[in-house]
Structures are given as structure tokens and as C-alpha cells.
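Below is one structure, written out as C-alpha cells; the observations come after it.
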Amino acid sequence: MVSIFFRTILVYAFLLFAMRVMGKRQIGELQISELIVTFMLSELAVNPIANPSVPLLHAVVPILLLLSIEVILSYWMTKSNRMKRILSGKPAIVICKGVMDQKAMSENRLEVDELLAELRQNGIGNPGDVEYAILEENGKVSVFPKAGYGAATYYEMQNGVCESGIAHPVIIDGEMIPEQVGLAGKDELWVRQILAERRVRLEEVFLLTVDDAGGVYFVRREK
């Protein structure tokens, strides 16, 4: 009994350390790779606690290995958008301008009832009142109501309703995203003109977005 008690404390402390190393996002928004690692960590931690004949190293070594893999992959994903899309997927627009994208819903196995429930939880009763609904990488749905259907901002109350839609990330960390450029209704020439106006090169851009009203948001990469 005493052995099980101390094993439980040691494994708990080690898992606590591992989760802290993996980052705060692990606690809230789990990516696919993080969810897999979490399940595996729980299985590895139970064995030496439930069976005193199993050495603690049989749990510590695999946990350290999984932790190392997760940290390396997380760092790699911050440096490569392509790797991030491969491992974590990418957001999918399931409603655009009040129209459901049935193909996107089918590809992501999102049922109509599930989408309607997500809209209701965001205070929207009619899909036609939605400007954009985006299925995020973590499985949650971000909802952007059409102007006049959501809570009015101070700017809208002062200047009237303005339909700006969503911000499309056309450049992320020095890499142009052609798909997002197309969704924004722009082309590569337009992006190059924006960069020329700001006198920056593509690799010097940390983030460049454009919304449906043409509003541009620009952040230069820090040296």
C-alpha cells in the first residue's frame, strides 16, 4: 500500500511537469497530436501505479519520449504552415454569406443538427443571419453574424452598419497562402502591391490579413 502511495505521488508529479512543458494550450484547446499524447500519457501512468511489479522507468522513459516528440512537433509547426496543416488540419468555412457549404460539412463530418446547435449557442437562430461560420482546428465553430444581427459595436452605433466579414490571413510568417488570397477576392499581384506600399519583402511579414471590406491588417516580423 505504501509503495502504491509513493508511486502515485511520483507519477502525478512527473505528469504535472510534462503537461507544463507541453504548454498552457494543452489544458484548454487540444490539437489532434496533443489529444493522442494525452491519452497515451494516461495509459502509461496507470501501469506502474496499478501494478507494483512494473518498474517506474517503464513509464518514465516512454513519457519522456512522447514529451520530446510533442515539443519538437509543436516547434516545427510554428515554423512551417505546411506541417501544421498536415498534423492539425486547417479551418473550414461551413457557412459563407448565409449559405451552408455542404461539401465542407461532409468532408469534416459535421452534421446539420450539430451546426445548428453551435449557432444557437452563439445566439443565432437562423443560418441565413450568419456571415461566416468557421470550423476551427480544435473542432469548435466560430460564428460571425451579419451586420445588424449581432451585438452592435460602438463604431457601428456611431457610423452605421458595416459588413466587414472576416479577416483572411493571406501571409503568415513570411509565407503567402494562395487559398486565403482567393477567398479574400484578391490575387498575388494585389498582395505584392500591398507589400510594395509598405516597402517590405514577403519574408519580412509576420501577418497580413484582409477582410471582405478591403481592410488590411499588417504586422512586420520582429528581428
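The values are calculated or read from the model by the stated rules, or taken from the named source; none is laboratory data. The structure presented is a predicted model; accordingly, all values stated were derived computationally and were not measured. All Cβ positions, even for glycine, are placed from backbone atoms using ideal geometry, and neighbour counts span all protein chains on display.
Taken residue by residue, segment 51-63 has no member that is under 18 Å from the mean Cα position of the chain (by Cα), modelled with pLDDT of 75 or more and surrounded by 13 or more Cβ atoms within 10 Å (Cβ to Cβ). Per the conditions (1) under 19 Å from the mean Cα position of the chain (by Cα); (2) at pLDDT 65 or above; (3) β-branched (Val, Ile, Thr), the sole criterion not satisfied by Ile32 is (2). Just one of the listed residues (Glu163, Glu197, Glu222, Glu204) is at pLDDT 85 or above, in contact with a strand residue (DSSP E or B) (Cβ under 9 Å, 6 or more places away or on another chain) and acidic (Asp, Glu), namely Glu204. Mind counting the residues in segment 122-137 that are under 13 Å from Gly98 (Cβ atoms), out of contact with any helix residue (DSSP H, G or I) (no Cβ under 8 Å at 6 or more places or on another chain) and surrounded by 16 or more Cβ atoms within 10 Å (Cβ to Cβ)? Residues meeting the conditions: 4.
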